């Protein structure tokens, strides 16, 4: 027994020890530094500011969670916060119901017709590369009841009676903004799903054809189950994007007040008004940081639910 132990010890000593690869830290350092400066530090600073309140002399005093209590329950703040949160959820639902199914359909069609696939992919993805300000300005001109072409085009196909100033109506402004966003960003889920479809082994598809499955049957019974993890990633990216990226389009089209009458007000515009001030409203960095922190917590809860309840089941399904 002792001889065997000595042999194992000798073999362990003879085995070359793995060196610490310090050059890895050299290559990671720039990215980590940039991420820390522009993401981690602002997040920590926002959380810190949300626990203080400003004083007339410019100083700040510790108030704990009082700012969160004001934001959630004070009538002057709660109405704005819950309305903005509801509008964000409406944006998310429109993207989930309209954008992602369209992206799935386009990806499926492109995977079945690869002849002109590159051209169609490029044309569909081009709006994603455009500036949000340009997209908002163009669609504002198209839908304008004074000089827009939307009414003329709808009248040409016999639908002129359905035209309305959608961006100016409280009942339709938010949905209209959501559909503009869908038009611009539908290329992202399309490309992600298309890449997932291309990664499916041909052997599985050939086996389905041997079993007598047609095109749509192969898609529903073979392809769709295999791309469920990608669909989950698309869903969580849509959720995050509607809290972080919706501000640009709404601000460029409807302004920081979320016109008309705050019908398109979202968390991003509420944060902008609260932090920097707007018209007669004075800016309050501490309440602005509270709004930003609430956005972070809402996104964190959504991502955590996805990772715990959805991602685990998808991984179990893959196994």
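The values are calculated or read from the model by the stated rules, or taken from the named source; none is laboratory data. On a predicted model such as this, the values are computed, not experimentally measured, just so you know. Quick reminder, even Gly has a Cβ in these numbers, built from the backbone with ideal geometry, and neighbours come from all protein chains shown.
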Looking only at the range 254-268, how many residues end up being under 14 Å from residue 168 (Cβ atoms) and crowded, with 24+ Cβ neighbours inside 10 Å?
3
If we keep only residues of the range 229-238 that are closer than 19 Å to residue 110 by Cβ and touching a residue at least 60 places away in the same chain (Cβ under 8 Å), then the residue surrounded by the most Cβ atoms within 10 Å (Cβ to Cβ) is 234
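A quick yes/no check of all residues on (1) surrounded by 11 or more Cβ atoms within 10 Å (Cβ to Cβ); (2) modelled with pLDDT of 90 or more; (3) in contact with a helix residue (DSSP H, G or I) (Cβ under 9 Å, 6 or more places away or on another chain):
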position: 6; (1), (2), (3): no, no, no
position: 12; (1), (2), (3): no, no, no
position: 21; (1), (2), (3): no, no, no
position: 24; (1), (2), (3): no, no, no
position: 47; (1), (2), (3): yes, yes, yes
position: 66; (1), (2), (3): yes, yes, no
position: 69; (1), (2), (3): yes, yes, no
Of the candidates 136, 148, 117, the one satisfying the condition of being in contact with a helix residue (DSSP H, G or I) (Cβ under 9 Å, 6 or more places away or on another chain) and touching a residue at least 24 places away in the same chain (Cβ under 8 Å) is 136
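Per-residue answers, yes or no, for (1) in a helix (DSSP H, G or I); (2) touching a strand residue (DSSP E or B) at 6+ places or on another chain (Cβ under 7 Å); (3) surrounded by 20 or more Cβ atoms within 10 Å (Cβ to Cβ); (4) modelled with pLDDT under 85:
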| position | (1), (2), (3), (4) |
| --- | --- |
| 171 | no, no, no, no |
| 189 | yes, no, yes, no |
| 212 | no, no, no, yes |
| 216 | yes, no, no, yes |
| 222 | yes, no, no, no |
| 240 | yes, no, no, no |
| 248 | yes, no, no, no |
| 270 | yes, no, yes, no |
Only one of 205, 231, 307 that is over 18 Å from the mean Cα position of the chain (by Cα) and either over 30 Å from residue 137 (Cβ atoms) or not in a helix (DSSP H, G or I) (or both):
205
Within the range 95-122, track down each residue that is modelled with pLDDT of 90 or more and loosely packed, with under 15 Cβ neighbours inside 10 Å.
97, 101, 105
Where the second residue is crowded, with 24+ Cβ neighbours inside 10 Å and part of a loop (DSSP other than H, G, I, E, B) and the first is on the phi > 0 side of the Ramachandran plot and without any contact (Cβ under 8 Å) to a residue 40 or more places away in the chain and lies in the range 254-277, which pairs have Cβ atoms under 8 Å and are six or more apart or on separate chains?
none
When you go through 196, 150 one by one, which is the residue that is within 25 Å of residue 224 (Cβ to Cβ), out of contact with any strand residue (DSSP E or B) (no Cβ under 8 Å at 6 or more places or on another chain) and surrounded by 17 or more Cβ atoms within 10 Å (Cβ to Cβ)?
196
